[in-house]
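The values are calculated or read from the model by the stated rules, or taken from the named source; none is laboratory data. Just so we're clear, the structure is a prediction, and the values are computed from it rather than from any experiment. Cβ placement follows ideal geometry from the backbone for every residue including glycine, while neighbour counts extend to all protein chains displayed. All accessible areas refer to the heavy atoms of the entire protein, side chains included, with ligands and DNA or RNA removed. Shrake-Rupley method; radii C 1.70, N 1.55, O 1.52, S 1.80 Å.
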Amino acid sequence: MKRLLNVILLYSFPPFCFSQKNIYDASTISDSLKKNAHSVKREEIISFEVKDIGQAYLSVHQVITVLDAEGQDELMFVQPSDEFRKLTDAESKVFDGTGKSINRYKMKEMKSTATGDGLVVDGKIYYFQVAAPSYPITVQYDYQTKYKGTLNYPDYRIQRPEQSVESSNYTVSVPADLDLKFKAQQIVLSPVVSTANKNKIYVWKVQDLPSVPYEEGAVSYESSYPAILLSPNKFSMDGNDGDLSTWKNFGLWYGNLSQGSINLSEQTKSALKEMVKNAKDDKEKIEILYDYLQSNFRYVSIQLGIGGYKPFDADFVDNKKYGDCKALSNYMEAILDAVGIVSYPALINAEYNKQPVDPAFPHNSFNHVILCVPGNKDTTWLECTSTAVDAGTLGSFTENRNALLITPGGGVLVPTPKSKASENLFTLHTNVALREDASGESESKLETKGEYREEIMQYVLNEKKDDQKEFLVSKLGFLQPDQFDLTTDQKNNDNTTFRLQIEKVPEFTAGSKMFLNPRIYKMWNAALPKTEKRTKAFYFPYPFIKTDTTIYQLPENYTVENLPKSRAVTFEYGLFKTNYTYDEKTNTVTSVALLQLSQNVIPAEKYMELRKFFGNVIQEYTEKIVVKKK
């Protein structure tokens with residue numbers, strides 16, 4: 001550790017001591033590194049020293065010039081600190097565009113916030129925002145972290161989007177009998193490897209890397225940009241030694257942490273058996289117990305115990321009625337076990353734009369736990385943190401990944417199913433009573449499923465009235481109502497009804513004519529980002545099917561002058577259909593629309609078709625239903 005600290009002490013001296021040019025002066029950056037960049041990593045020296053199976057030290061020195069306001073994220077210092085990864089020292093220095101020192105901040109001047117969900121305090125995040133009076137501006141970050149637990153070696157994140165790199169190197173020293181694994185990502189880069197005092201030394205160096213463009217909607221940052229992923233072969237967390245040389249061995253370690261946690265009381269087991277006694281098969285038992293979990297337990301984020309890997313006992317969750325993902329999955333495993341159904345927890349890297357973990361590179365990329373119930377004919381996956389999704393539905397949050405099943409025989413990588421558009425339904429039926437003065441009232445019946453149901457339950461049903469109205473207008477694109485009322489079918493949370501009083505229903509009026517929008521809300525209003533040539537796939541949060549029926553009841557002395565033409569727009573992964581009719585007998589105009597996206601990951605070569613498709617959807621809303629006085 002003393003040797004590592006000496007590396008950092010070197011940088012307390014003036015900037016000209018170890019570099020031929022002043023790396024704090026923005027004018028010394030070459031034009032090639034400024035091109036398409038908002039920041040430049042001038043100098044980076046990272047040293048990670050593994051002392052033994054359970055202890056390591058990280059030392060980081062960075063000098064970054066921020067060229068303009070679009071690179072201001074680099075002016076925010078953020079580092080976590082907890083029992084297993086403790087930030088021991090940190091300092092920030094600030095230089096103006098000419099390299100003149102203008103400020104210096106020590107760790108004690110930085111802000112911190114506790115992590116956790118209010119129930120426990122399990123760590124801190126230290127952060128500090130450097131103010132930029134003008135650009136360019138240069139910041140220097142120096143910090144050290146002590147690792148008391150070595151499951152997660154810090155990856156070498158070489159480059160951020162729209163950032164060029166002048167000089168960067170990463171040195172890892174690890175005992176030769178432990179060694180490590182590494183994998184290059186989005187870069188061809190090999191280390192220089194040597195030995196010293198029973199240690200293996202790995203050194204990666206890069207220089208003069210041009211900026212990498214940012215592509216909105218692409219795969220997650222962790223997979224998109226140049227990096228070297230690092231992983232231990234052997235590790236220890238809180239005295240629990242483990243092996244990450246294979247997925248099987250990692251699964252054995254994780255499974256051992258939860259030994260004895262399936263410990264429900266006999267009273268609870270009896271109640272669970274009574275709950276499912278009339279179920280016709282295991283599938284119905286799973287649905288009954290999953291509904292019980294969703295209705296009676298809540299998710300909280302807690303990272304206690306062996307670095308957040310050991311779950312709370314099932315009996316604890318049964319009494320407290322809360323838990324994090326691993327605790328709720330463990331509890332679901334326990335209540336299934338109580339009725340004779342075998343299931344396995346599964347580690348997974350969750351988020352709609354994550355890549356599957358590499359079967360050939362055991363590496364702890366996981367951030368979530370779900371449950372797998374194997375069956376004779378098919379497998380049932382359970383998202384135990386959700387209060388809305390159906391049993392057997394995962395959604396794009398964890399779809400199409402490699403999940404690590406924690407079985408008695410160790411870890412087994414298995415693919416999760418791909419999400420389907422039919423699992424995420426948004427069906428709206430609206431009646432609008434239009435008055436002669438252009439005001440009106442509407443009643444909309446909304447039926448949702450999957451991700452849409454979860455959104456409505458989370459952001460609408462239990463919120464205050466003003467927040468409900470805000471969601472309706474800003475998220476769903478409804479006209480701003482003067483009065484608003486929402487009700488939910490108590491027997492079926494899938495169904496929601498809302499009534500609006502609207503001062504002006506038409507988009508505009510001209511003389512005796514009213515120009516009505518196809519619907520009183522925008523079925524789609526998000527223009528996709530422009531791009532000359534896309535290189536990465538575009539990710540939507542989930543595939544979906546949206547259907548809408550809007551019926552305008554016209555005033556008695558009004559009739560239709562013009563209806564938009566019905567249309568059908570398709571591309572490989574999407575469908576948009578509309579139809580308009582006028583019923584003279586009832587004096588009503590009916591607008592029917594269907595918007596479907598069959599998959600949420602669109603290949604880069606199909607992006608321009610995708611953008612054109614949704615451009616047509618947005619353009620359709622500009623067409624008007626024209627009604628006039630008879």
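Calculated FRET efficiency, E605 to T113, Cβ-Cβ distance, R0 = 45 Å: about 0.55 to the nearest 0.05.
When the surface is traced with a 1.4 Å probe over the full set of protein chains, T535 keeps roughly 90 Å² accessible.
Let me spell out the model: positive unit charges on the Cβ of Lys and Arg, negative unit charges on the Cβ of Asp and Glu, origin at the Cα centre of region 86-168. What dipole size does that give, in debye rounded to 20?
Values: 12 positive and 10 negative charges, 57 e Å.
It works out to roughly 280 debye.
For the chain, the 222 nm mean residue ellipticity estimated from helices alone, with every DSSP H stretch of n ≥ 4 adding -39500 (n - 2.57) and the total spread over all residues, rounds to -4500 deg cm²/dmol.
Charged neighbours of Q72, selected by a Cβ distance under 14 Å, balance to -4 (K, R count +1; D, E count -1). Were the residues from R298 through K21 laid out at 0.36 nm apart, the gain over their Cα-Cα distance would be 94.0 nm.
Give the aspartates and glutamates whose C-alpha is closer than 13 Å to that of K418, dropping any in the same chain fewer than 8 places away, or say none. Output for K418: E399.
The simple spin-label model puts a point 7 Å past each Cα toward its Cβ; for N562 and S422 those points are separated by 4.0 nm. Take the chain and mark each of the chymotrypsin sites (Phe, Trp or Tyr not before Pro) that is in a DSSP loop with at most 13 other Cβ atoms within 10 Å; the longest unmarked stretch, sites excluded, is 19-630. With a threshold of 30 Å on the Cα-Cα distance, the over-threshold entries among K464/K530; K445/K585; K546/K606 are K464/K530.
Per 0.36 nm of contour for each residue apart, how much would the distance between R499 and K321 grow if the chain were fully extended, relative to their Cα-Cα spacing?
On the way: separation 178, 0.36 × 178 = 64.08 nm, distance 3.53 nm.
60.5 nm is the gain from fully extending R499 to K321.
Would you please classify the overall shape of region 65-178 from the alpha carbon gyration tensor, given that a ≥ b ≥ c denote the square roots of the eigenvalues, rounded means a/c under 1.5, and beyond that prolate means a/b larger than b/c while oblate covers the rest? The partial results should precede the final answer.
Numbers: a/c = 2.09, a/b = 1.35, b/c = 1.54.
Oblate shape, in that a/c is at least 1.5 and b/c is the bigger or equal ratio.
What is the diffusion coefficient of region 404-494 in µm²/s, taking the Kirkwood radius over Cα pairs and the Stokes-Einstein relation at 4 °C with a viscosity of 1.567 mPa s? Could the numbers behind the result be given before it?
On the way: Rh = 16.2 Å.
The calculation lands on 80 µm²/s.
On the basis of the beta-carbon distance and an R0 of 25 Å, R104 and A69 show a calculated FRET efficiency of 0.65. For the pair N197 and L575, label points projected 7 Å from Cα toward Cβ lie 6.9 nm apart. Rounded to the nearest whole angstrom, the semi-axes of the ellipsoid equivalent to region 216-368, taken from the Cα gyration tensor as √(5λ), stand at 32, 19, 14, largest first.
I want the local charge near E620. Using Cβ-Cβ distances under 12 Å, sum +1 for each Lys or Arg and -1 for each Asp or Glu among the other residues. Kindly include the intermediate steps, with their values, before the conclusion.
On the way: positive: R519, K522, K565, R567, K577, K624; negative: D548, E623.
Overall, the nearby charge balance is +4.
Taking label positions 7 Å along the Cα-Cβ direction at both I187 and I288, the computed distance is 5.6 nm, reported to one decimal. Remark: the chain carries 47 Å² of accessible area per residue (probe radius 1.4 Å; ligands, DNA and RNA excluded). When only alpha carbons are used to place a centre, region 73-104 and region 435-456 end up 48 Å from one another.
Checking the cross-link filter: which aspartates and glutamates have an alpha carbon closer than 13 Å to that of K146, excluding same-chain neighbours under 8 positions apart? Within the straight-line cut-off, K146 pairs with E49, D52, D82, E83, D89. Quick one: grab the alpha carbon gyration tensor of region 497-630, order the square roots of its eigenvalues as a ≥ b ≥ c, and give me rounded if a/c is under 1.5, else prolate or oblate depending on whether a/b is larger than b/c. Prolate is the answer for region 497-630, as a/c is 1.5 or above and a/b outweighs b/c. With 0.36 nm allotted per residue and the present C-alpha distance subtracted, the D177-D466 stretch has 97.8 nm of extension available.
Once the gyration tensor of the Cα atoms in region 137-244 is diagonalised, the equivalent ellipsoid follows with semi-axes of 27, 17, 14 Å, ordered largest first.
Quick one: grab the alpha carbon gyration tensor of region 320-378, order the square roots of its eigenvalues as a ≥ b ≥ c, and give me rounded if a/c is under 1.5, else prolate or oblate depending on whether a/b is larger than b/c. Can you show the working numbers first?
Numbers: a/c = 2.62, a/b = 1.48, b/c = 1.77.
The shape class here is oblate.
Across the chain, C-alpha contacts under 8 Å between residues 6 or more apart give a mean separation that, scaled by the residue count, equals a relative contact order of 9 percent. Pairs of Lys residues in region 147-287 are counted when their Cα atoms are under 18 angstrom apart and they lie 8 or more places apart or on different chains; the count is 17.
Taking Cα atoms only, the orientation of helix 325-338 departs from the longest principal axis of the chain by about 70 degrees.
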